[in-house]
Amino acid sequence: MTDNEVEIMDDKKIEELSEIARQSRVWIIKSLTESKSGHPGGSLSSCDILTYLYFHAMNVDPQNPHDPDRDRLILSKGHCAPALYTSLALKGFFPKEDLLSLRKLGSKLQGHPDARKVPGVDASTGSLGQGLSIANGIALAGKLDGKDYTVYSIIGDGETEEGQIWEAAMTAVHYQLDNVIAFLDYNHLQIDGRIEDVKSNGNFANRFKSFGWHVIEIDGHDLHAIDEAVRAAKREKEAPTMIIAHTIKGKGVKFMEGIADWHGKAPSKDQALEAIQLLGEKWEGN
Amino acid sequence: MQKKATRDAYGQALVELGRKYDNIVVLDADLSKSTKTEHFAKEFPERFFQMGIAEQDMMATAAGLAFSGKVAFASTFAIFATGRAFEQIRNSICYPAVSVKICATHAGLTVGEDGGSHQSVEDIAIMRAVPNMTVIVPADGVSTEKALTAIYEHEGPVYLRLGRPAVPVIYDEDYEFKIGKATKLKEGQDAAIIATGIMVSLAIDAARMLKEEGLSVQVWDMSTIKPLDIEAVKIAAKTGAIVTAEEHSVIGGLGGAVAEALAKNSPCHMGFVGVEDTFGESGTPAELMEKYNLTAESIKSKVRETISKKSSC
């Protein structure tokens with residue numbers, strides 16, 4: 001096995017990752033409830049992907065967050081920071097209790113990821129459309145330096161309405177960035193409603209294919225499917241891979257699932273208690 | 001008089017720098033022949049990234065390269081760098097304070113015939129307002145070359161403003177450039193001209209003419225607009241009359257920066273030579289400089305006007 005290969009995932013591993021994903025969802029709810037603001041919908045829809053990446057695929061070391069050989073993750077849809085922070089905390093980059101300082105004055109956990117403040121955050125993102133370009137830049141540097149790290153990126157479905165995503169899509173193909181593996185978190189909802197109603201997006205798979213990307217479509221909550229897609233992406237040479245992950249906004253918390261209103265609204269204390277109960281835990285609260 | 005465009009000096013100095021440091025990478029958005037990054041591209045093709053007509057993508061890609069330990073020089077025209085890609089510069093470059101050096105050419109009215117759509121007269125104001133950004137406007141070829149080494153050595157984002165036409169060479173090869181340090185080019189007691197970019201040589205001409213008319217006028221090259229050399233402004237303020245000169249709007253650029261410093265430290269009478277809150281138009285660079293009052297003659301009258309206010313106090 002070379003450094004950039006992913007270990008085989010057996011049933012035991014899948015069970016382990018499912019449990020981490022469940023805990024992540026609990027922490028996402030807790031941190032958003034404490035901050036009284038933030039984005040639960042997309043955080044929950046991208047949670048399984050992030051869990052898979054940080055706890056299985058990515059070569060990262062919490063003790064050495066700036067290791068030049070590490071794999072990177074650029075969360076282009078930066079508003080889903082709570083999911084990223086939770087993965088990083090559970091992985092050991094910083095204490096879990098820090099998650100409760102989300103969005104509070106003086107906290108390192110800004111509303112959107114700040115690479116200067118949070119160990120493990122590879123780029124500052126939040127203004128939509130820019131992260132895929134940043135991922136390309138890191139991938140270009142990797143090629144130039146002969147390093148075999150992989151640059152993962154997660155973009156939103158609504159985010160593709162930003163023209164820069166398509167500029168970056170061209171760049172990744174032009175420079176044959178097979179070290180870029182991107183996920184499109186296709187949860188079908190953006191702030192103002194269904195993405196099909198806000199602005200027709202056509203067929204994502206066909207669009208990225210026509211740009212020259214290697215495209216895979218999966219259920220973004222199926223850890224086994226995520227694993228197979230990443231393995232296929234790693235086998236692909238000379239083209240970047242876009243994994244179109246069909247997801248459910250608010251996944252895991254029944255009353256949030258598929259509701260656009262939960263894009264950028266924190267749950268009340270009562271709603272949080274219910275959500276955490278739905279996730280199989282009890283929260284004593286603070 | 002020897003003349004050289006600052007963009008030409010940039011293109012040559014970039015190659016020299018590339019030979020010295022292998023962590024330098026260069027990006028351009030389909031204007032490498034005009035911005036002169038083509039020389040670097042020719043010598044170091046593997047370290048040059050052609051980004052096509054996509055300035056926003058270029059800036060954020062440059063940020064990614066900088067996040068990975070590279071010093072990224074990104075070039076295009078000033079209007080597209082600071083206009084089209086403003087928010088990428090702000091959020092992907094300045095917010096995380098990564099080492100991307102935005103070296104923008106064709107700044108100001110002297111773009112010439114391309115007209116008002118391409119003449120950036122607000123780029124200094126825009127770039128100066130962003131936290132973590134350093135803003136440098138060299139006056140000639142020599143200072144451009146020297147500035148480039150300083151920019152490379154400086155950690156973090158830099159905006160370097162360069163011009164299209166050939167301009168007089170002011171400095172000798174032994175000139176030392178320091179970020180944040182203005183250069184006093186002429187001594188004088190009656191007034192001080194603080195100029196930047198291509199207006200520096202015109203400021204020298206204006207001071208010479210005024211000397212013939214019996215006035216002794218200080219001349220400063222304010223090559224760094226941010227951080228501004230406050231000490232230089234304080235010294236200039238001792239004359240009681242300051243005139244700023246820039247090929248940029250009178251709003252928010254060098255004049256604005258100097259006025260802010262004066263208001264905070266040592267208020268004195270002030271006059272502004274620059275573009276008067278208007279867009280440019282097509283014409284030769286010389287015709288435009290004349291029409292928009294960016295001449296030694298206009299600096300001279302502004303100095304006289306400002307000096308006259310001293311006596312009215």
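The values are calculated or read from the model by the stated rules, or taken from the named source; none is laboratory data. Only a predicted model underlies this, so the values are computations on that prediction, with no experimental measurement involved. No Cβ is skipped: glycine too gets one built from the backbone with ideal geometry, and neighbour counts run over all protein chains shown. We work out accessible area using only protein heavy atoms, side chains counted, and drop any ligands, DNA or RNA first. Shrake-Rupley method; radii C 1.70, N 1.55, O 1.52, S 1.80 Å.
Only helices enter this figure: runs of n ≥ 4 DSSP H residues, each worth -39500 (n - 2.57), summed and divided by the residues of chain A, yield -11500 deg cm²/dmol at 222 nm to the nearest 500.
Across the accessible surface of region B:190-285, with the other protein chains kept in place and a 1.4 Å probe, carbon and sulfur atoms take up 58 percent.
Buried surface between chains A and B: roughly 2000 Å² of accessible area, summed over both sides, computed with a 1.4 Å probe on protein heavy atoms only.
The Rg/Rh ratio of region A:172-261, with Rg taken over Cα atoms and Rh as the Kirkwood radius over Cα pairs, comes to 1.03.
Using the Cα coordinates of region B:183-311, the gyration tensor eigenvalues translate into equivalent-ellipsoid semi-axes of 21, 17, 13 Å, sorted from longest to shortest.
Within the full protein context, the accessible area of residue A:98 is estimated at about 40 Å² for a probe radius of 1.4 Å. Per residue, region A:11-278 exposes an accessible area of 36 Å² to a 1.4 Å probe, with every protein chain left in place. Once the Cα-Cα distance is subtracted from the 0.36 nm per residue extended length, the residue B:291 to residue B:176 segment shows a gain of 38.0 nm. Across chain A, C-alpha contacts under 8 Å between residues 6 or more apart give a mean separation that, scaled by the residue count, equals a relative contact order of 23 percent.
Taking a ≥ b ≥ c as the square roots of the Cα gyration tensor eigenvalues, chain B comes out prolate, since a/c reaches at least 1.5 and a/b is larger than b/c.
The reciprocal of the average 1/r between distinct C-alpha atoms defines the Kirkwood hydrodynamic radius, which for region A:44-179 equals 15.2 Å. Averaging the sequence gap over all C-alpha pairs within less than 8 Å and six or more residues apart, then dividing by the number of residues, gives region B:213-313 a relative contact order of 29 percent. Put a plus charge on the Cβ of each Lys and Arg, a minus charge on the Cβ of each Asp and Glu, and nothing anywhere else: the dipole of chain B about its Cα centre is then about 660 debye.
In a reduced charge model with +1 at each Lys and Arg Cβ and -1 at each Asp and Glu Cβ, region B:183-311 shows a dipole moment near 560 debye about its Cα centre. A crude spin-label estimate for the pair residue A:231 and residue B:301, with each label 7 Å from Cα along the Cβ direction, gives 7.9 nm. Straight-distance candidates among the lysines for linking to residue A:254, with alpha-carbon spacing under 24 Å and chain neighbours fewer than 8 residues away dropped: A:30, A:36, A:77, A:265, A:269, A:282. The convex hull of the Cα atoms of region A:1-50, projected and averaged over all directions, covers 4.5 nm².
Rg and Dmax, both from the Cα atoms of chain A and both in Å, are 17.6, 53.
Placing unit charges on the Cβ atoms of the charged side chains and taking the dipole of region B:3-168 about its Cα centre, the candidate lying farthest along the positive direction among B:117, B:56, B:39 is B:39. Per residue of A:164-171, other chain Cβ atoms within 10 Å of the residue Cβ number 5 on average. Going by a ≥ b ≥ c, the root eigenvalues of the Cα gyration tensor, does region B:1-149 fall in the rounded group (a/c under 1.5), the prolate group (a/b larger than b/c) or the oblate group? Note, shape of region B:1-149 comes out rounded. Each part gets one Cα centre, and for region A:56-109 versus region A:185-235 those centres are 24 Å apart.
Cβ-Cβ distance of residue A:268 and residue A:222, R₀ of 51 Å, FRET efficiency by 1/(1 + (r/R0)^6): the value works out to about 0.95.
Only one residue of A:128, A:266, A:49 has its Cα farthest out toward the positive end of the dipole of chain A, where Lys and Arg carry +1 and Asp and Glu -1 on Cβ, and that residue is A:266.
About its Cα centre, the dipole of the protein assembly as shown is roughly 1440 debye, where the only charges are +1 on Lys and Arg Cβ and -1 on Asp and Glu Cβ. Only aspartates and glutamates eight or more places from residue B:3 in sequence, or on another chain, were considered; those with a Cα closer than 12 Å are B:140. So what is the orientation-averaged projected area of region B:86-199, using the convex hull of its C-alpha atoms, in nm²? Computing the convex hull of the Cα atoms and averaging its projections yields 8.3 nm². Packing, taken as the mean count of other beta carbons within 10 Å per residue, orders the peptides B:272-284, B:142-154 from highest to lowest as B:142-154, B:272-284. Once both labels are positioned 7 Å from their Cα atoms along Cα-to-Cβ, the gap between residue A:254 and residue A:200 label points is 3.7 nm. Within region A:125-157, the residues that become at least 20 Å² less accessible when every protein chain is included than when their own chain is isolated (1.4 Å probe; DNA, RNA and ligands ignored) are A:127, A:130, A:133, A:134, A:137, A:138, A:140, A:141, A:144, A:145. Summing charges over all other residues whose Cβ lies under 13 Å from the Cβ of residue B:86, with Lys and Arg as +1 and Asp and Glu as -1, gives -1.
If you count Lys pairs in region A:88-199 whose Cα atoms are under 20 Å apart, skipping same-chain pairs closer than 8 places in sequence, the total is 7.
Debye sum, Cα scatterers, the protein assembly as shown, no solvent: what log₁₀ I/I(0) at q = 0.12 1/Å? Computed log10 I(q)/I(0) values: -1.08.
Among residues other than residue A:154 with Cβ under 15 Å from its Cβ, the summed charge is -3 (Lys and Arg +1, Asp and Glu -1).
The mean sequence distance of close C-alpha pairs (under 8 Å, at least 6 residues apart), as a share of the length of chain B, puts its relative contact order at 17 percent.
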